[in-house]
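The values are calculated or read from the model by the stated rules, or taken from the named source; none is laboratory data. Everything numeric here is computed off the predicted structure, so don't read it as measured data. Cβ: placed from backbone, ideal geometry, glycine included. Neighbour counts: every protein chain shown.
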Ligand SMILES: [Ca+2]
Ligand SMILES: [Ca+2]
């Protein structure tokens, strides 16, 4: 092994660690600053906000923090099995699935803050995601962290760590989802058809305006087996980081990686290739020799922030 090779190896490892979300990339959280929510299954708590959060054009002064990886407005939501959007409730779902922190399996931390270090970090993230927008100075930031949480029923053999950040200046509002590198290890609880945290009805990730004619945005892979790899996907080209503007009538996804990483399929023999994830990018699927592709082989990133069609699969 020569020196040049070692250097290359080191650089590639460094690059990988920069393009994922280690715990140091999370917004600061912990016992000393946050309120905590521990030893619960389907319960909820709430924060009264000092500055209204504008979501789908509506002002909200209270945010409910539901243990099951879900924030809601107007009311707490107990649902532990994810349901496909649209729904009547007003929801932000960083990872809606049956979290269970009994038996010491994790903690949910939450707080509202206007600390200058946090406001600057938000400003940097918004500048990364929306480079053409004017600088953003949050009046208030809500940080909710699901740290090493287990799944129903009282399972702690697989744990998930993720964070949801809400930031508003009273006009513009943004939501940031962070998924720890290697930090998503289960996607369903025992009461949602899952076994050992896998299968059944998987976690849902997205936004739902609520009301009778709800509009919504679902992150690719929601309620599919692919959601277990959400920490490897992104709409800002940093694996595990997703950033959205949420105050308008529609959710606005970052233009730098609008559609996020296309679904990587589990069906054997599928080959996926793509270069970019901005609007009009294409993702091409093919199959290994001996398999036939079922469905469309090319998907296009649409301005809505979704890849066209559905992922194909390969069969013999
Ligand atoms: Ca639960
Ligand atoms: Ca994972």
Conditions (1) buried (at least 23 other Cβ atoms within 10 Å of the Cβ); (2) within 16 Å of ligand 2 (Cβ to nearest atom); (3) modelled with pLDDT of 95 or more -> residue 219 fails only (3)
Looking at 239, 226, can you tell me which residue is outside any helix (DSSP H, G or I) and within 16 Å of ligand 2 (Cβ to nearest atom)? 239
Considering only residues that are under 15 Å from the mean Cα position of the chain (by Cα) and either within 13 Å of ligand 1 (Cβ to nearest atom) or surrounded by fewer than 22 Cβ atoms within 10 Å (Cβ to Cβ) (or both), which ones fall in region 65-79? 68, 69, 70
In this structure, does residue 237 turn out to be touching a helix residue (DSSP H, G or I) at 6+ places or on another chain (Cβ under 8 Å) and surrounded by fewer than 22 Cβ atoms within 10 Å (Cβ to Cβ)? yes
Which condition breaks for residue 263 when tested against (1) buried (at least 19 other Cβ atoms within 10 Å of the Cβ); (2) in the same structural domain as residue 163 (by TED's automatic domain parsing)? (2)
Return yes when residue 255 is surrounded by fewer than 21 Cβ atoms within 10 Å (Cβ to Cβ) and either within 16 Å of ligand 2 (Cβ to nearest atom) or at negative phi (or both) and no when it is not. yes
It is to be established whether one or more residues within region 80-103 are in a helix (DSSP H, G or I) and either exposed (fewer than 15 other Cβ atoms within 10 Å of the Cβ) or in contact (Cβ under 8 Å) with a residue 60 or more places away in the chain (or both). yes
Output the residues belonging to region 191-205 that are part of a strand (DSSP E or B) and closer than 18 Å to residue 162 by Cβ. 198, 204, 205
Identify, from the list 182, 169, the residue that is closer than 18 Å to residue 69 by Cβ, away from ligand 1 (no atom under 16 Å from the Cβ) and surrounded by fewer than 22 Cβ atoms within 10 Å (Cβ to Cβ). 182
Kindly indicate whether residue 115 is assigned by TED's automatic domain parsing to the domain that holds residue 197, touching a residue at least 40 places away in the same chain (Cβ under 8 Å) and either over 23 Å from residue 229 (Cα atoms) or within 16 Å of ligand 1 (Cβ to nearest atom) (or both). no
Residue 277, sole failed condition from (1) in contact with a helix residue (DSSP H, G or I) (Cβ under 9 Å, 6 or more places away or on another chain); (2) surrounded by fewer than 14 Cβ atoms within 10 Å (Cβ to Cβ): (2)
For residue 128: the one exception among (1) within 16 Å of ligand 1 (Cβ to nearest atom); (2) more than 20 Å from residue 82 (Cα to Cα); (3) at pLDDT 95 or above: (1)
Every pair of residues 6+ apart whose Cβ atoms lie under 6 Å, when the first sits in region 184-202 and is under 18 Å from residue 148 (Cβ atoms) and without any contact (Cβ under 8 Å) to a residue 60 or more places away in the chain while the second is part of a loop (DSSP other than H, G, I, E, B) and within 16 Å of ligand 2 (Cβ to nearest atom): 197/186
Anything in region 192-215 that is over 14 Å from the mean Cα position of the chain (by Cα), buried (at least 17 other Cβ atoms within 10 Å of the Cβ) and within 16 Å of ligand 1 (Cβ to nearest atom)? List them, or say none. 192, 194, 197, 200, 201
So residue 187 fits all but one of (1) within 15 Å of ligand 2 (Cβ to nearest atom); (2) within 30 Å of residue 131 (Cα to Cα); what number is the exception? (2)
Any residue that is in the same structural domain as residue 71 (by TED's automatic domain parsing), in contact with a helix residue (DSSP H, G or I) (Cβ under 7 Å, 6 or more places away or on another chain) and under 21 Å from residue 181 (Cβ atoms) - is there at least one of those in region 224-233? no
In region 129-149, what count of residues is obtained for those that are in contact with a strand residue (DSSP E or B) (Cβ under 7 Å, 6 or more places away or on another chain) and surrounded by fewer than 19 Cβ atoms within 10 Å (Cβ to Cβ)? 2
